[in-house]
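To start, the structure itself, in structure tokens.
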Amino acid sequence: MKTGNPYRKFQGQKVKIQNLEKTNSRFKRVYEEYEHLSENLWDLETSEGEGVPDDFINSIKLQTSYLEEEIEDWLYNSDGENIE
């Protein structure tokens, strides 16, 4: 049985994310890419069937972590102002 997606670490900050998505187009693109990659990573790690090379999974994890850092910067250093 699948458990919750551990890559969805920003779910507790939905309101701030929604506000930033409305006011900052770059944040919106970065966050959408993060969600897309984290969903794909979760699917790759939990799906049964043909294996995926570790190098490929590690590269997605690395990309996801870079996006997480950028999102964290916006969430913790922004008070809703437009930072572009």
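No lab work stands behind these numbers, since they all come straight from the coordinates. Small disclaimer: the values here were computed from a predicted structure and weren't measured. Cβ coordinates were reconstructed from backbone atoms using ideal geometry, including for glycine residues, and neighbour counts include every protein chain displayed.
Values as computed for the structure displayed
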| item | result |
| --- | --- |
| Fewest-first ranking of Asp73, Asp54, using other Cβ atoms within 10 Å as the exposure measure | Asp54, Asp73 |
| Lys/Arg +1, Asp/Glu -1 at C-beta; region 19-84 dipole; positive extreme among Val52, Asn19, Thr64 | Asn19 |
| Hz values of 3J(HN,Hα) by residue in region 61-68 - Karplus curve (6.51, -1.76, 1.60), Gly and Pro given as x | 4, 5, 4, 4, 5, 4, 5, 4 |
| Using θ = phi - 60° and Karplus 6.51 cos²θ - 1.76 cosθ + 1.60, couplings along region 33-39 (whole Hz; Gly, Pro as x) | 5, 4, 4, 4, 5, 5, 5 |
| Computed Rg/Rh of region 13-77, alpha carbon atoms with Kirkwood Rh | 1.07 |
| Phi-based couplings in Hz for region 43-59 (Karplus 6.51, -1.76, 1.60; Gly and Pro marked x) | 4, 5, 6, 10, 7, 9, x, 5, x, 10, x, 4, 4, 5, 5, 5, 5 |
| Spin-label pair Asp55/Gln18, simplified geometry with 7 Å Cα→Cβ offset, distance in nm | 4.3 nm |
